[in-house]
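Reading through the structure tokens given below for one structure.
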Amino acid sequence: MGIREDILDRVRRNQPAAIPHPDLRDFTHLASADLITTFARSLGVMAGVLIDKPPDDLGAFLREKFPDAKNICSAVPEYVGTSKPEDYPVWADAAKIDVSVVRSPLGVAETGSVLLSDDDLRVNTIAFLAHDIVILLAPDKIVENIHVAYQHPAFKEKAYSVLMSGPSGSADIGGKEVHPAQAVMTLTVILWPESAKTS
Amino acid sequence: MSVHPVVDQASNAARFLADRSREEYFDTLMWSLREARDRSASEVPEWEQLRDLGSAIKEHTLSHLADYLEQFEASAKRNGVEVHWAHDAHEHNQIVAEILSRHGAKQLIKSKSMLTEECDMRRYLENRGVTVTETDLGERIQQLDDEPPAHIVGPAWQKSPEDVARVFAKAYGSDPNNAAPVYLAHEMRVHTRALIEKADAGMTGANFAVAETGTVVTATNEGNADLSGNVPRLRICSVGIEKIVPTHRDLAVFIRLLSRSAVGMPITQYTSHFRAPRRDGEMHIILVDNGRSERLGMEKFWQSLKCIRCGACMNTCPVYRRSGGLSYGSTYMGPIGIIMMPTFDIRRFSELPFSSTLNGSCSNVCPVKINIHEQIYAWREVMDEKHQIKLAKKSAMVAAGEVLSHPELYRIVTAAGETTLKRLPRFAIYNDFNAWGKHRETPLPAGQTFHEWYKANRRKA
Ligand code: SF4
């Protein structure tokens with residue numbers, strides 16, 4: 001018997017008598033008007049920054065927020081950066097990026113998370129090797145909690161998806177979260193409807 | 001027959017306790033995590049329902065595990081992933097070494113994985129010329145200091161920031177007198193990112209593995225699983241067979257429970273889903289048994305396989321908090337370690353079940369409702385049957401057994417334990433045997449033994 005068959009055989013012999021699957025619920029409580037406020041609060045808990053409407057000039061906004069940034073990689077049509085994801089065919093080279101600008105198709109109010117998949121990023125590493133990340137999110141794409149979030153098709157279709165919630169951090173020294181750890185140093189979400197102006 | 005000596009947790013704890021300031025630091029830190037967990041849980045109205053669901057989903061999955069493993073494998077293969085199976089640590093390590101050697105990969109970066117600790121993989125690979133870099137901050141600290149993890153969530157929590165400053169000064173030449181966590185995290189960032197960028201292969205463990213999609217899910221705050229799993233083209237994921245959940249709808253329940261239970265945060269910064277290799281890459285998943293299928297058949301102990309490795313039972317445990325994680329001499333420590341480790345080596349870990357006050361706090365906080373303290377007691381019985389215990393421990397067992405066999409009394413004891421748990425629960429002081437009972441306030445009236453206390457309270461019950 002091969003290893004696979006042997007393990008499956010042992011598991012089958014030893015597993016307890018069948019126990020039924022419980023009924024699942026979505027536990028939604030919030031009115032849609034409260035989703036943005038809750039998202040903002042949760043993102044704050046996770047040390048992310050929320051900008052509640054598109055700035056008049058995204059370029060000026062980025063220059064002001066990241067005055068030392070030379071390499072801004074844009075994966076969105078709303079903004080032309082100094083580079084785009086395809087400029088980093090060797091994914092480790094995304095470490096040269098100062099700021100990545102991407103769009104997320106989903107926000108989660110409960111946790112302040114945004115979904116990013118390989119289609120949104122094109123080169124996955126632009127989301128962690130860049131020093132800072134700016135994420136555009138349409139306010140009507142915010143759902144209440146993780147139960148609802150996991151119904152998004154990306155989780156079944158995309159090779160890689162991450163629910164990103166604030167900048168990288170670690171509580172491994174002394175138990176209190178500090179930022180940054182090894183991935184992005186800051187994370188900013190701009191509430192930006194999909195059809196809004198480009199700059 | 002085990003070739004390792006029996007782990008004497010109590011004596012190991014005594015060494016830890018010899019440094020009072022260290023003990024207090026660790027105890028305070030662990031308790032602050034327990035308090036953060038309580039606050040965070042109280043903000044979720046359906047918290048108890050989530051715990052019930054988490055427990056029920058795990059029980060359902062484990063009772064259909066063979067089918068779900070097959071489903072997971074089929075989904076992963078459809079996604080273009082190569083799936084491997086390993087009976088034990090040795091087979092697991094061999095598979096990893098073979099994959100790396102096929103690619104000529106010599107630099108491996110990895111995120112934290114208790115399974116690879118279980119397999120002692122780092123040493124195996126390093127003996128074969130592979131440089132392994134831990135990218136989790138806590139795990140890296142322990143690697144640089146040549147120590148195993150002392151906690152399953154924060155491997156280096158037993159070290160103070162000053163200790164870490166010394167470790168980094170030696171390894172990285174940083175300022176030994178700067179113990180600010182922000183500074184130390186920055187040092188880690190600078191040194192590890194350089195290694196990540198030039199790695200040949202990346203490895204992650206799995207917090208969960210979703211059968212319907214073949215997805216490996218990791219939860220990190222540092223983004224290091226995303227870096228390890230995305231920067232190199234070659235990705236290897238080690239997955240314990242008990243990590244399977246049926247669907248993403250099931251997964252949601254656990255994601256809501258995990259980080260809140262662990263550190264009191266609503267979620268980890270990166271909850272990452274690796275379903276398929278990147279377009280120009282390769283992805284391998286190794287499904288590892290290593291004693292799990294055997295445990296699944298143990299009537300009293302299979303429920304320990306529900307564990308989602310949140311560490312909450314450790315943070316709340318008065319013995320763990322006052323012993324330090326290294327005192328257990330095992331991969332898993334604290335209450336969950338006590339009920340898991342004897343399945344790996346019954347003789348070596350025969351004394352661990354006595355490193356507990358049986359106060360029940362671990363079971364009370366467990367997000368998947370494992371009956372941890374009952375299993376600890378059941379292990380004591382097993383050790384007794386198998387003559388694996390010293391006489392002195394037997395009397396402790398009898399006393400605890402009396403309490404556990406009287407539900408009303410047990411409630412009184414655990415209620416007292418819960419309210420005074422920040423200090424050592426009273427009935428923990430039932431003998432002079434346990435090092436972690438020393439140095440504590442003695443809440444029993446002078447001269448009263450546990451047995452006297454027990455007799456008096458039994459009447460009340
Ligand atoms: S036994 Fe329960 S509380 Fe302990 S680590 Fe596992 S899931 Fe968490």
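The values are calculated or read from the model by the stated rules, or taken from the named source; none is laboratory data. From a predicted model like this one, the values you see are computed outputs, not experimental measurements. All Cβ positions, glycine included, derive from the backbone under ideal geometry; neighbour counts span all protein chains shown. Accessible surface is based on the protein model in full, side chains and every heavy atom, while ligands, DNA and RNA are left aside. Shrake-Rupley method; radii C 1.70, N 1.55, O 1.52, S 1.80 Å.
Before moving on, here are some points about what is shown:
- Filter result (open to solvent by less than 10 Å² (accessible area, probe 1.4 Å), within 12 Å of another protein chain (Cβ to nearest Cβ) and under 23 Å from B:Gln107 (Cα atoms)) within the stretch B:205-224: B:Val216, B:Thr218, B:Glu222, B:Gly223, B:Asn224
- Annotation: B:Arg235 fulfils all but one of (1) more than 7 Å from chain A (Cβ to nearest Cβ); (2) open to solvent by 10 Å² or more (accessible area, probe 1.4 Å); the unmet one is (2).
- Residues in the stretch B:308-336 that are surrounded by 24 or more Cβ atoms within 10 Å (Cβ to Cβ) and either under 20 Å from B:Leu62 (Cα atoms) or among the hydrophobic types (A, V, I, L, M, F, W, C) (or both): B:Ile308, B:Cys310, B:Ala312, B:Cys313, B:Met314, B:Cys317, B:Val319, B:Met333, B:Ile336.
- Hits in the stretch A:146-166 (condition: surrounded by fewer than 24 Cβ atoms within 10 Å (Cβ to Cβ), out of contact with any helix residue (DSSP H, G or I) (no Cβ under 6 Å at 6 or more places or on another chain) and at the interface with chain B (Cβ under 8 Å from one of its Cβ atoms)): A:Gln151, A:Lys156
- For the residues B:Thr247, B:Thr268, the requirement of being within 16 Å of the ligand (Cβ to nearest atom), over 20 Å from B:Cys119 (Cβ atoms) and open to solvent by 10 Å² or more (accessible area, probe 1.4 Å) singles out B:Thr268.
- Qualifying residue in the stretch B:291-306 (condition: within 15 Å of the ligand (Cβ to nearest atom), within 30 Å of A:Val143 (Cα to Cα) and at pLDDT 95 or above): yes
- Qualifying positions in the stretch B:343-370 - surrounded by fewer than 24 Cβ atoms within 10 Å (Cβ to Cβ) and touching a Phe, Trp or Tyr at 6+ places or on another chain (Cβ under 7 Å): B:Thr343
- At least 2 residues being among the small types (Gly, Ala, Ser), modelled with pLDDT of 95 or more and in contact with a Gly (Cβ under 7 Å, 6 or more places away or on another chain) is the threshold, and among the helices (runs of 4 or more DSSP H) wholly inside the stretch B:1-83 those reaching it are B:20-42, B:65-78.
- Put simply, of A:Ala130, A:Ala138 the only residue that is more than 10 Å from chain B (Cβ to nearest Cβ) and more than 25 Å from A:Pro153 (Cβ to Cβ) is A:Ala130.
- Scope the stretch A:25-56; condition facing another protein chain (nearest Cβ under 10 Å), open to solvent by 40 Å² or more (accessible area, probe 1.4 Å) and in a loop (DSSP other than H, G, I, E, B); matching residues: A:Arg25, A:Asp26, A:His29, A:Ala47
- Of all residues in the stretch A:167-199, those being facing chain B (nearest Cβ under 9 Å), part of a loop (DSSP other than H, G, I, E, B) and not hydrophobic (A, V, I, L, M, F, W, C) number 11.
- When restricted to residues that are within 13 Å of the ligand (Cβ to nearest atom) and either of a type in the set (Lys, Arg) or under 14 Å from B:Gly311 (Cβ atoms) (or both), the stretch B:349-385 contains 9.
- A:Met1 meets each of the listed conditions (1) modelled with pLDDT of 95 or more; (2) closer than 30 Å to B:Glu91 by Cα apart from (1).
- In the set (1) hydroxyl-bearing (Ser, Thr, Tyr); (2) open to solvent by 40 Å² or more (accessible area, probe 1.4 Å); (3) facing another protein chain (nearest Cβ under 8 Å), B:Thr192 fails one condition alone, (2).
- One residue stands out in the stretch B:96-126 among those that are more than 26 Å from the chain's Cα centre (by Cα) and more than 14 Å from chain A (Cβ to nearest Cβ): the one that is surrounded by the most Cβ atoms within 10 Å (Cβ to Cβ), namely B:Leu100.
- Top-ranked residue of the stretch B:254-279 - restricted to ones that are more than 7 Å from chain A (Cβ to nearest Cβ) and either assigned to a helix (DSSP H, G or I) or at pLDDT below 95 (or both), ranked as farthest from A:His147 (Cα to Cα): B:Arg279
- Some residue of the stretch B:282-290 being within 11 Å of another protein chain (Cβ to nearest Cβ), away from the ligand (no atom under 13 Å from the Cβ), among the polar types (S, T, N, Q) and assigned to a loop (DSSP other than H, G, I, E, B): yes
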